[in-house]
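Worksheet: one structure, shown below.
The values are calculated or read from the model by the stated rules, or taken from the named source; none is laboratory data. These numbers were taken from a predicted model, which means no experiment stands behind them. Glycine gets a Cβ as well: all are built from the backbone with ideal geometry, and neighbour counts include every protein chain shown.
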Amino acid sequence: MPKLTIEIDLPEGQLPPDSRDVLRLTNPNWLASWWHTNDVKEHYIGDGEYTELTNDECLQVLNLAEKYHDCNVGICWDSLNEWQRQVIAERKEDA
């Protein structure tokens, strides 16, 4: 089996990727779907007014989507909308 060395500069505080994740990324038999906090931040959920989320709230949305995703639906705009609504509702409750 051929070996490959990859060198990347990680931002301060970011942990290196797990070796299993690297193997999945390099294996053509795996499919990865990537979402970024900017996807959440820039997506209007259409509830009458735009509510801007902080970077931490966007990360919270992505973490909830990953933790509770339904394999029949996956992570899509509709599921992200629901998690955005929940994060916004929690913010209003805490205020």
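Listing for the model above:
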| read-out | value |
| --- | --- |
| Residue list for the stretch 57-85, filter: in contact (Cβ under 8 Å) with a residue 24 or more places away in the chain and in a helix (DSSP H, G or I) | 57, 60, 61, 62, 65, 77, 80, 81, 84, 85 |
| Number of the condition not met by residue 12 [criteria: (1) surrounded by 14 or more Cβ atoms within 10 Å (Cβ to Cβ); (2) assigned to a loop (DSSP other than H, G, I, E, B); (3) at pLDDT 90 or above] | (1) |
| Among the residues listed as 77, 83, 34, the single one being surrounded by 15 or more Cβ atoms within 10 Å (Cβ to Cβ) and of a type in the set (A, V, I, L, M, F, W, C) | 83 |
